[in-house]
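Participant: Below is one structure. I have some questions about it.
The values are calculated or read from the model by the stated rules, or taken from the named source; none is laboratory data. A quick note: this is a predicted structure, and the numbers were derived from the prediction, not measured. With ideal geometry, Cβ positions are generated from the backbone for all residues, glycine too; neighbour counts draw on all protein chains shown. Each accessible area value is taken on the protein alone, full model and side chains, heavy atoms only, with ligands, DNA and RNA left out. Shrake-Rupley method; radii C 1.70, N 1.55, O 1.52, S 1.80 Å.
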Amino acid sequence: MLPSHGANPKNFLKALNVPDRELYYDFSVNVNPLGIPSSLYEGIEERNQSMFSYPEQHAETLASYIALGEKTASEHILCTNGAAEAFFLICSLFANKKASILQPTFVEYERACLAYGCTIRHLSLEEERDWQWNIEAVLKEIEKVDILFVCHPNNPTGMMYPEKEWELVLEKAKESRTTVVIDEAFADFTGESPSFVSYVQKGYPVIIVRSLTKMYHIPGVRLGYIISNKETVKVLQEKQPPWSVNGMAQHIGEKLINEHEFVAETVQFVKNEREFVFHRLRELGFSFTPSYTNYYLCKIPEELEERAFLSYLAQEGIVARHTENFRLLEGRYIRLAVRTREENEHLLHVLGKVKKQCSFF
């Protein structure tokens with residue numbers, strides 16, 4: 001069985017029966033291709049000292065820093081052990097209720113819903129619409145459920161939805177008393193994602209989930225946060241184990257939260273590389289999603305069997321994210337990250353070899 005997430009290259013190669021190699025390019029992991037900010041190399045001794053004392057129970061100082069950046073009160077913020085903990089905490093509030101998930105999307109929403117006995121409905125995105133939502137269907141769906149999960153930009157398509165349509169969705173949610181969970185784990189990479197914090201402040205039933213691990217290339221640290229109304233944050237905090245966010249994570253988060261220049265540099269870098277890759281993919285004849293962020297879906301040519309294609313890429317040093325466990329995709333696509341120019345050129349070279357060697361092109 002293939003790994004259920006990206007960023008497991010050795011397990012991925014083993015599952016494909018492809019020999020491990022010293023050099024491979026991991027396009028299955030969608031963290032910042034520029035690596036970590038230089039500020040993380042500073043204060044290492046102080047950070048190490050955080051291992052030897054208990055941290056703040058709910059990362060109150062970090063929450064206050066985040067609130068300052070979001071121009072809201074710290075009571076609206078709950079720091080979490082990555083975005084994954086946030087989803088499980090949220091679903092604990094909706095145990096045995098009706099949930100809807102806009103699919104295909106991040107698989108952990110469904111796992112969290114199932115853990116708390118939710119009745120799950122799936123609202124389908126369509127390839128024919130460039131994976132945009134059907135706003136009429138979304139508005140009707142809101143009336144039928146207690147909670148709706150939307151990833152924005154969506155993982156794995158990289159697509160975003162029009163701001164005017166978001167206004168309709170959130171107005172309908174307020175009218176129907178349906179909570180909308182907006183996962184913004186990759187919003188920082190777009191440079192153009194609308195802010196929903198004002199809706200929180202105005203009392204709309206919105207829960208925003210964000211991650212610091214993707215932009216700052218620190219997936220092992222496990223650090224995310226929730227933005228919602230004070231009442232929801234208070235209840236979620238009561239359900240969260242104390243010291244859920246460890247001392248080193250809190251220290252790192254406090255260092256990173258004001259790295260505005262690094263974020264701006266990353267956004268421009270990703271935009272340039274994405275445009276370069278998309279131009280070449282069009283020339284090669286591959287279909288892909290016109291993503292707004294640092295990854296995209298690439299369709300496997302119909303004549304190719306998925307595992308054979310994944311194996312070929314792996315033998316050429318390319319680790320791709322399979323889509324066998326994404327609803328509606330069923331392995332007919334691969335998800336690829338936007339990486340450095342050297343890595344992107346290697347990927348395009350390998351895809352060019354596929355074109356030359358396979359008669360079906």
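Participant: Under unit Cβ charges (Lys, Arg +1; Asp, Glu -1), what dipole magnitude, rounded to 20 debye, does the stretch 267-361 have relative to its Cα centre?
Facilitator: 200
Participant: Can you give me the C-alpha center-to-center distance between the stretch 317-361 and the stretch 134-183, rounded to a whole angstrom?
Facilitator: 30
Participant: While we're on this one: Determine the percent antiparallel among the DSSP beta bridges restricted to the chain, to the nearest 5. List each step's numbers first, then the result.
Facilitator: Details: 16 of 36 bridges.
Here the share of antiparallel DSSP bridges comes out near 45 percent.
Participant: Over the chain, with a Gaussian network built from C-alpha contacts below 10 Å, which listed residue (Y65, Y54, Y24) shows the highest mean-square fluctuation?
Facilitator: Highest fluctuation of the listed residues: Y54.
Participant: Once fully extended, how much extra length lies between R327 and N272, figured as 0.36 nm per residue of separation less the alpha-carbon to alpha-carbon distance? Can you show the working numbers first?
Facilitator: Numbers: separation 55, 0.36 × 55 = 19.80 nm, distance 3.04 nm.
That pair, R327 and N272, stretches by 16.8 nm at full extension.
Participant: Counting heavy atoms of the protein chains only and a 1.4 Å probe, report the per residue accessible area for the stretch 149-208 as a whole number of Å².
Facilitator: Numbers: 2070 Å² over 60 residues.
Accessible area per residue: 35 Å².
Participant: Under 5 Å between amide H atoms, partner at least 5 residues away or on a different chain: which partners does Y333 have, H built in plane at 1.01 Å?
Facilitator: Answer set, sorted by chain and number: I300, T323.
Participant: May I pose another question? Given labels modelled 7 Å from the Cα in the Cβ direction, how far is it in nm from I44 to K164?
Facilitator: Those two pseudo-labels are separated by 5.3 nm.
Participant: How would you rank 303-309, 99-105, highest first, on the average number of other Cβ atoms within 10 Å across their residues? Please report the intermediate quantities before stating the final value.
Facilitator: On the way: 303-309: 13.9, 99-105: 23.6.
Ranking, from highest mean packing down: 99-105, 303-309.
Participant: Which order do M51, M248, M215 take when ranked by solvent-accessible area (1.4 Å probe, heavy atoms of all protein chains), largest first?
Facilitator: Values: M51 110, M248 60, M215 0 Å².
Correct descending sequence by accessible area is M51, M248, M215.
Participant: Per DSSP H run of n ≥ 4, the term is -39500 (n - 2.57); total these for the chain, divide by its residue number, and report the mean residue ellipticity at 222 nm rounded to 500 deg cm²/dmol. Walk me through the numbers before you get to the answer.
Facilitator: On the way: 13 runs with 142 residues, N = 361.
Rounded to the nearest 500, the figure is -12000 deg cm²/dmol.
Participant: Between rounded, prolate and oblate, where does the stretch 234-285 land on the alpha carbon gyration tensor, with a ≥ b ≥ c its root eigenvalues, rounded for a/c under 1.5, else prolate if a/b exceeds b/c? List each step's numbers first, then the result.
Facilitator: Working: a/c = 4.27, a/b = 2.33, b/c = 1.83.
Prolate shape, in that a/c is at least 1.5 and a/b is the bigger ratio.
Participant: Long-range amide H contacts for Y295: which residues qualify at under 5 Å (H placed 1.01 Å from N, peptide plane, sequence gap of 5 or more or a different chain)?
Facilitator: V338
Participant: In sequence order, what are the phi-derived ³J(HN,Hα) couplings for the stretch 263-274 according to the Karplus relation 6.51 cos²θ - 1.76 cosθ + 1.60 with θ = phi - 60°, rounded to whole Hz, with x for glycine and proline?
Facilitator: 5, 4, 4, 5, 4, 5, 4, 4, 4, 5, 5, 4
Participant: Return the sequence-ordered ³J(HN,Hα) values of the stretch 71-77 in whole Hz as given by the Karplus equation 6.51 cos²θ - 1.76 cosθ + 1.60 applied to θ = phi - 60°, using x for Gly and Pro.
Facilitator: So the J values, rounded to whole Hz, are 6, 9, 7, 5, 5, 8, 10.
Participant: Give the accessible area for E238 in Å² (nearest 10); use a 1.4 Å probe, count only protein heavy atoms, and leave out ligands, DNA and RNA.
Facilitator: Per-residue accessible area (E238): approximately 130 Å².
Participant: How much length, in nm to one decimal, is gained on full extension between D20 and K71, taken as 0.36 nm per residue of separation minus their Cα-Cα distance? Walk me through the numbers on the way to the answer.
Facilitator: Working: separation 51, 0.36 × 51 = 18.36 nm, distance 4.79 nm.
So the chain would gain 13.6 nm between D20 and K71.
Participant: Related question: Considering only protein heavy atoms, what per residue accessible area in square angstrom results for the stretch 277-361 with a 1.4 angstrom probe? Intermediate values should be presented prior to the final figure.
Facilitator: Details: 3630 Å² over 85 residues.
Value returned for the stretch 277-361: 43 Å² of accessible area per residue.
Participant: Given a Förster distance of 30 angstrom, what is the FRET efficiency for E136 paired with K97, based on the Cβ-Cβ distance and rounded to 0.05? Don't jump to the answer; show the numbers that get you there.
Facilitator: On the way: r = 24 Å, r/R0 = 0.79.
Computed FRET efficiency for E136 and K97: 0.80.
Participant: Where is the GNM fluctuation largest for the chain (alpha-carbon springs, 10 angstrom cutoff): A264, A83, A112?
Facilitator: So, out of A264, A83, A112, the one fluctuating most is A264.
Participant: A further question on this structure: To the nearest 0.05, what FRET efficiency results for H122 and S64 with a Förster distance of 35 Å applied to their C-beta separation? Walk me through the numbers on the way to the answer.
Facilitator: On the way: r = 38 Å, r/R0 = 1.09.
The computed FRET efficiency comes out at 0.35.
Participant: Taking the Cα atoms only, what angle lies between the long axis of helix 82-92 and the longest principal axis of the chain, rounded to 10 degrees?
Facilitator: Compared with the principal axis, the helix lies near 60 degrees.
Participant: For K172, go through the aspartates and glutamates and keep the ones whose alpha-carbon is under 15 Å away, minus same-chain ones fewer than eight residues off.
Facilitator: E136, E141, E143, D146, E163
Participant: When the Karplus curve 6.51 cos²θ - 1.76 cosθ + 1.60 is applied with θ = phi - 60°, which whole-Hz ³J(HN,Hα) does each residue of the stretch 304-311 get, with x for Gly and Pro?
Facilitator: 3J(HN,Hα) across the stretch 304-311, in whole Hz: 9, 7, 4, 5, 5, 5, 4, 5.
Participant: Top mean-square fluctuation among K234, K97, K202, Gaussian network model of the chain, C-alpha springs under 10 Å?
Facilitator: Checking each option, the largest mean-square fluctuation is seen for K202.
Participant: Just subtract the alpha-carbon distance of A7 and R341 from 0.36 nm times their residue separation and send over the number in nm, one decimal.
Facilitator: Values: separation 334, 0.36 × 334 = 120.24 nm, distance 1.96 nm.
Length gained, A7 through R341: 118.3 nm.
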